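Data first, discussion second: the structure below is written as structure tokens.
Any read-out appearing in this document is the output of simple, stated calculations on the displayed coordinates, not a laboratory observation. Not measured: the values here are computed from a predicted model. Reconstructed Cβ throughout: ideal geometry from the backbone, glycine too, with neighbour counts over all protein chains shown.
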Amino acid sequence: MFAVLDRTGLLVAYDSWDEWRDECRAAATQEPAPLCACDVVFCAHCWGQARILSPARNGEGLVPRPCPTCAGTGVVRR
């Protein structure tokens with residue numbers, strides 16, 4: 001029996017090396033999960049950063065404000 005750290009940082013105990021190899025092989029052959037839902041795209045106005053720089057009210061430089069196009073989320077639905 002031995003224990004290793006998994007991808008999330010938790011200790012996982014295995015009874016044999018074969019059990020560990022089978023789990024690693026299964027994880028490597030799985031299709032990767034998408035990073036975001038398929039019906040959303042990054043906002044073209046703020047480039048997915050959820051904020052834009054706009055002039056300060058006192059006229060001294062730029063301040064970050066939530067993007068009005070994506071409502072401060074960084075993504076828009078198609």
Taking Cα atoms, the helix 17-29 axis meets the longest principal axis of the chain at an angle in degrees (rounded to 10) of 40
Labelled set [x] 93; [y] 119; [z] 137; volume of the Cα convex hull per residue in Å³ computed from this model equals the value at [z]
Pseudo-spin-label distance Asp6 to Phe42, built 7 Å along Cα→Cβ, given in nm, is 3.0
By the mean-Cβ-within-10 Å protection proxy, highest first, 46-57, 1-12 rank as 46-57, 1-12
Taking a crude spin-label model, label points 7 Å out from Cα along the C-beta direction, the Glu31 to Thr73 distance in nm is 2.4
